[in-house]
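Down below is the structure, laid out as structure tokens.
What follows draws every value from the coordinates through simple rules; no lab data is involved. Not measured: the values here are computed from a predicted model. Cβ: placed from backbone, ideal geometry, glycine included. Neighbour counts: every protein chain shown.
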Amino acid sequence: MSGPYDRLDRLAQIIVALVAIFALANGIFMLVAPVDWYYAVPTVPATGPANTHFIADIGIAYLSSGAMLLYAAGNIKMRWMAALAGTLWLLLHGFLHIYEVLTGICSPDRFWQDVPGVLGPPLLVLAAIFLLMARQRIAPAGIPRAAFLRAATAKMEESEQQYLREIAAAPGGAFEKFAHFMPASMHRHSAPVNLFHAARFGATLAEDCGPCAMTAAQWALADKLPRDTINAALAGGAHLGDDENLAFRFGEAIATQSAEAFELGDKIEARYGRTVRLELAMTSALVRSYPAMKRGLGLTRACSAMKLAV
């Protein structure tokens, strides 16, 4: 899920934001002018006399849903769970309408009149979240543990799989905390994808963890980095392009706590700006946590002990 928002990410974000605005506007209308709202929705009078207190209660529910959805829309890839929470009441409200038509409480004609405003909004939010999930663009926190492990370990070395399983089995919510940490190590917004992964490779290879390097390679492939570039990085970075080699050595210097990191970082900042330097420094520093953890668990293998290529 690294990288800035693309068009489909923005589409999901816009969908959630529009549903949030709809819910907020409807909630405000119900609170401020409950009687006007009662007569403005053609199918409502058929449900019985206007009860302004009850209308206001429902308005508060809409406002709560809208507020959560608006918060989620601010960073939908990280806050998708908030979007699910925000749409829960809207979805249950829709299910109530389905129940009423199935049991004959309301007529099919009235049900279909209500569908766009009652079932449409929550289904749009669910579609937006599914769009993100299908493209693996959501933060792992909140994904069911078993589903996360299946997806995460599909292309991993055995030692990589083992440390994740041990974290998942650890008490005290270790897995959930780890899931919140992972996106920070993959944060990329402004950094070019080739420099970002070059820095990650430099830091990872400095830790001499072969399985970690291959996992980094899988992430790079997912970000559509050319295989030749990945293999050049796995071979030590000497045959990378000038800027990629600069990023590689920057990541390596951070991992080895070399004073050269200052000079290399200054060069990166001069060429690409402070934000790119921050993103490369952040991923280089945090990606070291994975080999360090595996080393502590006795699970890592040296790079020299395995073939590093994709």
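Above 18 Å, the calculated P(r) of region 90-164 contains 59 percent of its Cα-Cα pairs.
From least to most packed, judged by other beta carbons within 10 angstrom and beginning with the fewest, Leu131, Leu240, Leu164, Leu69 follow the order Leu131, Leu164, Leu240, Leu69. Modelled this way, with points 7 Å down the Cα-to-C-beta line, the labels at Ala56 and Asn231 are 7.2 nm from one another.
Selection among Ala191, Gln218, Leu88 by position relative to the dipole of the chain gives Gln218 as farthest towards the positive end (Cβ unit charges, Cα centre).
Report the normalised scattering of the chain as log10 I(q)/I(0) at q = 0.07, 0.14 Å⁻¹, calculated by the Debye formula with identical scatterers on the alpha carbons. At q = 0.07, 0.14 Å⁻¹ the computed log10 ratios are -0.40, -1.01.
Listing Glu252, Glu207 from fewest to most neighbouring C-beta atoms within 10 Å gives Glu207, Glu252. Just so you know, the Cα atoms of region 136-195 work out to an Rg and Dmax of 12.8, 38 Å.
Fewest Cβ neighbours within 10 Å first, please rank Thr52, Thr215 accordingly. It would help to have the intermediate numbers written out before the result.
Numbers: Thr52 14, Thr215 20.
Result, fewest neighbours first: Thr52, Thr215.
For region 213-278, the Cα-based Rg and Dmax, in that order, read 12.3, 32 Å.
FRET efficiency for Trp112 and Ala169, Cβ-Cβ distance as r, R0 = 45 Å, nearest 0.05?
Numbers: r = 49 Å, r/R0 = 1.10.
The computed FRET efficiency comes out at 0.35.
What do you get for Rg/Rh of region 74-200 when both radii come from the Cα atoms and Rh is the Kirkwood radius?
Numbers: Rg = 20.2 Å, Rh = 17.8 Å.
That ratio equals 1.14.
What full-extension length gain, to one decimal in nm, is calculated for Lys224 and Leu18 as 0.36 nm per residue of separation minus the Cα-Cα distance?
Details: separation 206, 0.36 × 206 = 74.16 nm, distance 3.14 nm.
So the extension gain works out to 71.0 nm.
When N is the residue count of region 168-310, what does its C-alpha Rg come to as a fraction of 2.2 N^0.38 Å?
Numbers: Rg = 14.7 Å, N = 143, 2.2 N^0.38 = 14.5 Å.
Normalised Rg, Cα atoms only: 1.01.
Between Ala72, Ala217, Ala152, the Gaussian network model of the chain with springs among Cα atoms under 10 angstrom shows the greatest mean-square fluctuation at Ala152.
Please go through region 219-257 and write out the trypsin sites (Lys or Arg not before Pro) that DSSP classes as loop and that have at most 12 other C-beta atoms within 10 Å.
Working: sites: Lys224, Arg227, Arg249; in loops: Lys224.
Passing sites in region 219-257 are Lys224.
Compute the long axis of helix 158-169 from its Cα atoms, compare it with the longest principal axis of the Cα atoms of the chain, and write down the angle in degrees, 0 to 90, nearest 10. The angle comes out near 40 degrees.
What are the semi-axes of the equivalent ellipsoid for region 1-133, taken as the square roots of 5 times the Cα gyration tensor eigenvalues, largest first, in whole Å? Present the calculation step by step, with values, prior to reporting the outcome.
Working: eigenvalues 174, 55, 23 Å².
Result for region 1-133: semi-axes of 29, 17, 11 Å.
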